[in-house]
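Please read the structure below before turning to the comments.
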Amino acid sequence: MKLQRWFIDFLRHEKASGIILIACTFCSLLMANSAIGESWVNIFHLSLFNFSLLEIINDGLMTLFFLLIGLELKREFIDGKLSEIKFAVLPVVAAIGGMIIPAFLHFLLNKNTITQAGAGIPMATDIAFSLGILSLLGNRIPLSLKLFLTSLAIIDDLGAIITIAAFYSQHISLIYLSVAIIGWLILLLANKYNFSHSILYIIGGILMWYCMLQSGIHPTISGVLLAFAIPFKSIKNKSLAEKFYHQLDKPVAFFIVPLFALANTSIVIPSHFSEHLISANAIGIFLGLVIGKPLGITLFTYLAQKIKIGKLPDDINMKLIAGVGMLGGIGFTMSIFISLLAFDVPQLQDISKLVIIISSAIAAIIGWSWLAFSIKK
């Protein structure tokens, strides 16, 4: 019962943060294309401590976003629904399908071109937006479907993190990487021996972040590694991981992620924008999110049931899973983040971000409409 209350509060929280994200995105696009557009865009390129404001947000503050994701993953694997095989199999299989098919569609269209690196862009699902849209349907949606989407989105985030670490890190410095790994192993050892003083993990996390930054691997990965080193017992026992989670939850949802949206959607829409919409990269992102995501999630879930490696709860059918698959096409935060890593050319980044926003909006409308009609029926 306690877990169910926590989950309902979480959904309300996701709904609010999703609305704020939409508002920030709209305001940022409006400002960038207004009379003060140049000044607005330049704000995020101001230098502070040898870093631009954009770098501070994307490389620094977003590490806390990844730390929060890591803490969610850890909690679900240890004490949540993903700790039970019968509940974990289908969301895991669905998430894998929802990553493979979109990436394949983009790769197929962009193979051997400069935009081939964008194959990871349509792989991601934005947990805040997708759950926010689902929560608009209220208690007409079965709780088990909400749990399915949450588990799927969390596994999806893990896949995105692995993708970033494996494919979007370059010029690796083995010395700094080794120091970061040694620091992480020390924190894991401290965890094993029940050392729960937060200052050790804070200082260790900062050092890991710096070494990751210098190593060439994107520094936000240090947030995930730190999460798995922080002691966690269970939801009932207020462990250090739970304390960190509750301290970060609201600031990340209502400050860091909206700030990320403001900084990364301050895009000046080019005069011939429609021409860019028919590029292979744009079509690959659109098809990946709007078609690939629902196809991968629905098909892999169906096949997993057919070969009897998983079973849906009694109050969920494949029609509802298809609706969840459509909501899975809401990429936004993670997709925009990967587009920044995939391309060095600012114009490619901006076009990719605009297509992500358009595709995510279409996926949200289609997914909501499908589920609303399915429930009514």
Expressed in nanometres to one decimal, the distance between label points 7 Å along Cα→Cβ at Ser198 and Asn112 is 5.6
Between Ile19 and Ser144, the two model label points (7 Å from Cα along the beta-carbon direction) sit apart by a distance in nm of 3.1
Once Lys and Arg get +1 and Asp and Glu get -1 on their Cβ, which of Leu158, Ala261, Tyr193 lies farthest toward the positive end of the dipole of the chain?
Tyr193
What does the charge dipole of the chain about its Cα centre add up to, to the nearest 20 debye, if the Cβ of each Lys and Arg holds +1 and the Cβ of each Asp and Glu holds -1?
1420
Cα-based Rg (one decimal) and Dmax (whole number) for segment 193-337, in Å?
20.9, 60
Please compute the per residue accessible area over the chain with all protein chains in place, 1.4 Å probe, rounded to a whole number of Å².
46
Applying 1/(1 + (r/R0)^6) with R0 = 51 Å to the Cβ-Cβ distance of Asn42 and Ile181, what FRET efficiency is obtained, to the nearest 0.05?
0.85
What's the percent breakdown of Cα-Cα distances in segment 41-128 across 10 Å bins, shortest bin first?
14, 25, 31, 23, 6, 0
Relative to the present Cα-Cα distance, how much length would full extension add between Ala280 and Asn33 at 0.36 nm per residue of separation?
86.4 nm
Segment 282-377 - Kirkwood radius from inverse mean 1/r over Cα pairs (Å)
14.4
Accessible-area value, Arg75, 1.4 Å probe, nucleic acids and ligands omitted, Å²
10
Between Ile269 and Gln247, what is 0.36 nm times their sequence separation minus the Cα-Cα distance? Round to one decimal in nm.
4.2 nm
Taking Rh as the Kirkwood radius computed over alpha-carbon pairs of segment 99-183 and applying Stokes-Einstein at 25 °C with viscosity 0.890 mPa s, one gets a diffusion coefficient in µm² s⁻¹ of 159
Ignoring any ligand, DNA or RNA, what whole percent of the accessible area of the chain comes from carbon and sulfur when the probe is 1.4 angstrom?
69
Looking at the chain, do any whole DSSP H helices span at least 30 angstrom along their long axis by alpha carbon and average 0.0 or above on Kyte-Doolittle, and which?
2-32, 85-110, 143-167, 346-376
Heavy atoms of His197: accessible area, 1.4 Å probe, square angstrom to 10:
110
Sequence neighbours fewer than 8 away in the same chain don't count; with that in mind, list the aspartates and glutamates whose C-alpha is under 19 Å from Lys243.
Asp9, Glu72, Glu76, Asp79
What nm value, rounded to one decimal, do you get for the distance between Leu303 and Lys233 when each label is placed 7 Å out toward the C-beta?
4.3
Sorted by accessible surface (1.4 Å probe, heavy atoms of the protein chains only), largest first, His246, His106, His276 come out as His246, His276, His106
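The values are calculated or read from the model by the stated rules, or taken from the named source; none is laboratory data. A quick note: this is a predicted structure, and the numbers were derived from the prediction, not measured. Every residue, glycine among them, receives a Cβ derived from its backbone with ideal geometry; neighbour counts consider all protein chains shown. All accessible areas refer to the heavy atoms of the entire protein, side chains included, with ligands and DNA or RNA removed. Shrake-Rupley method; radii C 1.70, N 1.55, O 1.52, S 1.80 Å.
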